[in-house]
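What follows is one structure encoded as structure tokens, with my remarks underneath.
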Amino acid sequence: MGRFLALRLIATIPVMGVVAIVVFVLVRLDRGKAAAQLCGDICPPERLAEIMTRLGMDKPLWEQFGLWLLQLLQGDFGRSIQSQIPVLKLIGDRVEPTLSLAATTLLFSVLVAVPMGVVAAWQHGRWPDRLIMIFSVIGFSVPVFVLGYVLILAFPLSLGWLHVQGFQSIGAGLGGFLARITLPTLALSVIYIALVARITRTSMLEALSQDYIRTAYAKGAATRTVLIAHALRNAAVPIVSVIGIGLVLLIGGVVVTETVFNIPGIGRLTVDAILGSDYPIIQGVLLVFSVIYVLINLVIDVLYTLLDPRIRY
Amino acid sequence: MLTRRLVGAASAAVIAALALPAIATAQEKKTIRAVMHAPLRITDPIITTAYIIRNHGYMIYDTLFAMDEQQKIQPQMVEKYETSADKLTWTFTLRDGLKWHDGAPVTSDDAIASLTRWSKNDAMGQALAGATKEWKKIDDKTFQLVLKEPFGLVLDSIGKPSSNTPFIMPKRVAEAPANKAIAEHAPKDWHIGSGPFKFAIGEFQPGTKVVYEKNADYVPRKEKASWMAGGKVVKVDRVEWINVGDPQTTVNALIKGEIDYIEQPVHDLFPAIKKSPDIVLHDFNKMGLLGWMRINWLHPPFNNAKVRQAVLMAVNQEDYLAVLVGDPEYYKYCASFFTCGTTYESSAGAPDMKKPNVEKAKQLLKEGGYKGEEILILHPTDLKAITPYGPVTEQALKKIGMNVKLLAMDWASVVARRAKQDAPAQGGWHIFHTFWVGADLLNPVTNAGMNAKGPKGGFFGWPEDPDMEKMRADFIKETDPAKQKAIAEAITKRAFEQVMYVPIGQMQFPAAYRKSLSGVLDGPVPVFWNVEKK
């Protein structure tokens, strides 16, 4: 296992190298945008040229890339072109809201979706199964922003419960944290519950058709034991895969939820940076999330060995 | 049993925790939570003209002079000033009690350095600099402006209310090169001003949240607050600017009471706002905003005045206003280059911009030699206040027989592309739209659209017209208000003849705030002094 982990970690280096090149080239395709934004409304050509020079945009692309790479190797992600604040600080300030939302969504979704999938498989073809599948189809179909507005209308505006928007750190009080994170969690969870519930159902159906399940029933095992100890454990590998990939998608896909509920997370930082052509931030966020993506995949691979002893690396 | 008890106790804890915010709110400082029209990321109000940065400037900096509700320039940081008989020497004395947020006194050196930097970037500042022989320090509180030629707009320049507003900064900050942001030049001091609020730098999250705290050391003037002038008395402990990306969420948060103030709610949501008994809509900026269609003079077919005139004839302001604002209560027809309702408003030489004259426009196109060239309109799709303009112009120009193409892009791309002087087919452009606040269009100097210096010094579109430049120079030198007005009228006539740009109407953007706020001032800029919160 140790060798596997070491090899996988080493393998991330070329992956990150490719990511760095792609990110750099994509972001720099339109080099003039950032300078033009800084130049403002009264922008004579010579001033625009001065700003381009100051930002190093007049240098050849390979030279800019070399300088950036050198900075990166020293742990320096650069500074925001607009606010002059270090990129890592900006990302650090925004990580907590996004991770909090991803974590609460993951927790809530798994707690709801896995039992739903198990029940649907167990009651295959009966009304609980159909009900859960109908929910699943609706969950996939309703856009997050529509659900978000419906939840805001139903709870804070009609009933006066919970907050419309914003984020409060859990460190500043559990009440404030829950009052603000509940609605975005609900809105974001629905599609995720639909996804995990469907995968759980499918995996469980396959597991429940195996001989060892018949054997377990024949031995007189209780239904709950059969479902959880025998079937679910054996059906867990694809479920964990989907949860893992879903977590990555969640972190990357919270932009809409963060916008509707005004959560100052990574998603909004990225959108703001793109609109403002603040390319050091865009590069920084993409790189950090590429690392997270690689690490999550690594964790999933390790989890496989724990869930299924037959898997060896 | 134990499990049930545990569940019960946990539920009680969660309910108690959810109730905590209400208790905490009652104990916290008096804070106004405001959602402004844009997020704040850059903090240098001299390096760029963005209005959100100007608004930030008014929070933490102060100005030597300021405009009141009579549109007169009044002393602000200045206690007294006098002019020599020949009007070439102006002596200013700073008032007592002016202090920077770090406790140091504000001095003449600070004022001179600030005005010197401002005059490199601002159009009126550049005009003033052109007539200036020197800024001279007399002592720590007194300094002089010595002119080499008459300049009729000294106070209008250093008391101008909108971008770039001549804010006074500490000398070490204001010594930043004019093209380098103060945060880059003075990383430790860039947030220090002498204004009524202090910038809470530790809580600054660019693009998300800005916090200002009351400056307890600020000594307000004794006069009543009036627009940007008068006593800036702060009546709350903190002001927080929160950026909420979604307009609907912003209004929902206001209705729920999570925020107190929205600077510019979108007009579509006014019905929901008006339904709430706790919210008031306040049209604080009577000068409003004015839309422009800017034409690029550098390339065919618009290097011919007749083709530009054809476009002017094709436009119906009502079409733009109706599509952007909708409710006629919040817009008005304004066939003037200078803000309607202000001193130099004039329609001299203007066509009837409520009724397009399609036949005349077609004839002008013919006389101008239009050969069916493709007209490229830069069309930002991410800026609610500008996005609707492109398709309206497209339709108007198609009606007169022009071959039009909308180039959809984000605003950042428009900003980058409009700076390019290349031919439209090689990455340039023919037309883009923008808007300015009325306070920026008060006279022929502040109005960037009247700049006719051409490709080497004008606003994007780069009109070149020596006659216009001569009239603007005459306006600057003239000290008699009646004669200034006559010159402004002649400039208007010339501007319509040459089509410096196409004015597309005046719009009002009222603020919405909860009735728990009182004392919100009128003016061209939203400010938070004088505002009380119950």
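Under 20 °C and 1.002 mPa s, how fast does the protein assembly as shown diffuse according to Stokes-Einstein, given a Kirkwood radius computed over C-alpha pairs? Answer in µm²/s, whole number.
Working: Rh = 30.1 Å.
Rounded to a whole number, D works out at 71 µm²/s.
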Quantify, in whole percent, the carbon and sulfur part of the accessible surface of the stretch A:2-73 (1.4 Å probe; protein heavy atoms only). 73 percent
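Multiplying the sequence separation of A:Leu69 and A:Leu275 by 0.36 nm and subtracting their Cα-Cα distance, what value in nm do you get? Walk me through the numbers on the way to the answer.
Details: separation 206, 0.36 × 206 = 74.16 nm, distance 2.42 nm.
Full extension of this stretch gives 71.7 nm more.
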If ligands, DNA and RNA are left out, what is the accessible area of A:Leu303 with a 1.4 Å probe, given in Å² to the nearest 10? 70 Å²
Based on alpha-carbon centroids, what's the gap between the stretch B:324-355 and the stretch B:255-287 in Å, whole number please? 25 Å
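I need the per residue convex hull volume for the stretch A:2-73, using only the alpha carbons, in cubic angstrom as a whole number.
For the stretch A:2-73, the hull spanned by Cα atoms encloses 93 Å³ per residue.
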From a point 7 Å beyond the Cα of A:Val22 in the direction of its Cβ, which residues of the stretch A:242-270 have a backbone N at a distance under 17 Å? A:248-249, A:252-253
Length gain on complete extension for the stretch A:Asp301 to A:Arg233, per 0.36 nm per residue less the alpha carbon to alpha carbon distance? 22.9 nm
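Kindly report the accessible area of chain B per residue (heavy atoms of protein chains, probe 1.4 Å, no ligands, DNA or RNA), in Å².
On the way: 20370 Å² over 534 residues.
Per residue, chain B has an accessible area of 38 Å².
Given 37 °C and 0.692 mPa s, compute D for the stretch B:62-171 with the Stokes-Einstein relation, Rh being the Kirkwood radius over Cα pairs; round to the nearest whole µm²/s. Please report the intermediate quantities before stating the final value.
Values: Rh = 13.9 Å.
D, rounded to a whole number, is 236 µm²/s.
What is the extension gain from A:Glu206 to A:Ile170, computed as 0.36 nm multiplied by their sequence separation minus the C-alpha to C-alpha distance, in nm to one decimal? If you can, show how the numbers build up before the last one.
Numbers: separation 36, 0.36 × 36 = 12.96 nm, distance 4.08 nm.
Result for the pair: 8.9 nm of gain on full extension.
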Dividing the Cα radius of gyration by the Kirkwood radius, what Rg/Rh value follows for the stretch A:164-254? 1.18
Straight distance only, please: which lysines reach the Cα of B:Lys275 with their own Cα at less than 18 Å, same-chain residues fewer than 8 apart left out? B:Lys256, B:Lys515
Would you kindly compute the Cα radius of gyration of chain B and its largest Cα-Cα separation (Dmax), both in Å? 25.1, 96
I need the calculated FRET efficiency for the pair B:Lys286 and A:Thr53, taking r as the beta carbon distance and R₀ as 41 Å, to the nearest 0.05. 0.45
Considering only protein heavy atoms, with the full assembly of protein chains and a 1.4 angstrom probe, order B:Phe432, A:Phe140 by accessible area, largest first. A:Phe140, B:Phe432
5 Å is the cut-off here: which amide hydrogens, built 1.01 Å from N in the peptide plane, fall below it relative to B:Lys137, excluding neighbours closer than 5 in sequence? B:Gln144
Could you tell me the accessible area of B:Phe65 in Å² (1.4 Å probe, neighbours in place), rounded to the nearest ten? 0 Å²
Mean accessible area per residue over chain A (1.4 angstrom probe, all protein chains present, square angstrom) is 48 Å²
Cβ-Cβ FRET estimate between B:Glu532 and A:Ile10, R0 fixed at 60 Å, reported to 0.05: 0.40
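Run lengths n ≥ 4 of DSSP H only: what is the helix-derived mean residue ellipticity at 222 nm for chain B, with -39500 (n - 2.57) per run over all residues, to the nearest 500? Each step should come with its number before you reach the end.
Numbers: 16 runs with 165 residues, N = 534.
Computed ellipticity for chain B at 222 nm equals -9000 deg cm²/dmol.
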With the full set of protein chains present, the residues of the stretch B:174-190 whose 1.4 Å probe accessible area falls by 40 Å² or more relative to the chain alone are B:Asn179, B:Glu184
Not counting ligands, DNA or RNA, and with a 1.4 Å probe, what is A:Asp76's accessible surface area in Å² rounded to the nearest 10? 60 Å²
As a check on your grasp of the helix formula, calculate [θ] at 222 nm for chain A: sum -39500 (n - 2.57) over DSSP H runs of n ≥ 4, divide by the residue count, round to the nearest 500. -24500 deg cm²/dmol
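Of all the accessible heavy-atom surface of the stretch B:335-489, with the other protein chains kept in place and a 1.4 Å probe, what percent is carbon and sulfur?
Numbers: 3200 of 6270 Å².
C and S fraction of accessible area: 51 percent.
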Protein accessible area in the stretch A:87-312, 1.4 Å probe - carbon and sulfur %: 71 percent
In vacuo Debye sum over C-alpha of chain A, base-10 log of normalised intensity I(q)/I(0) at q = 0.11 Å⁻¹, listed in q order, is -0.85
Total Å² of accessible surface buried at the A-B contact, 1.4 Å probe, nearest 100? 4000 Å²
In the stretch B:61-157, GluC sites (Glu not before Pro) in a DSSP loop with at most 11 other beta-carbon atoms within 10 Å: none
Can you give me the long-range amide H partners of B:Tyr331? Hydrogens built in the peptide plane at 1.01 Å from N, cutoff under 5 Å, separation of 5 or more residues or another chain. B:Gln508
Go through B:Lys72/B:Lys141; B:Lys120/B:Lys141; B:Lys420/B:Lys470; B:Lys30/B:Lys214; B:Lys420/B:Lys453; B:Lys160/B:Lys214 and tell me which ones have a Cα-Cα distance over 20 Å in this structure. B:Lys72/B:Lys141; B:Lys120/B:Lys141; B:Lys420/B:Lys470; B:Lys160/B:Lys214
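The values are calculated or read from the model by the stated rules, or taken from the named source; none is laboratory data. Bear in mind that the values here come from a model prediction, so they are computed numbers and not experimental data. Quick reminder, even Gly has a Cβ in these numbers, built from the backbone with ideal geometry, and neighbours come from all protein chains shown. The accessibility values were calculated without ligands, DNA or RNA, using every heavy atom of the protein model including side chains. Shrake-Rupley method; radii C 1.70, N 1.55, O 1.52, S 1.80 Å.
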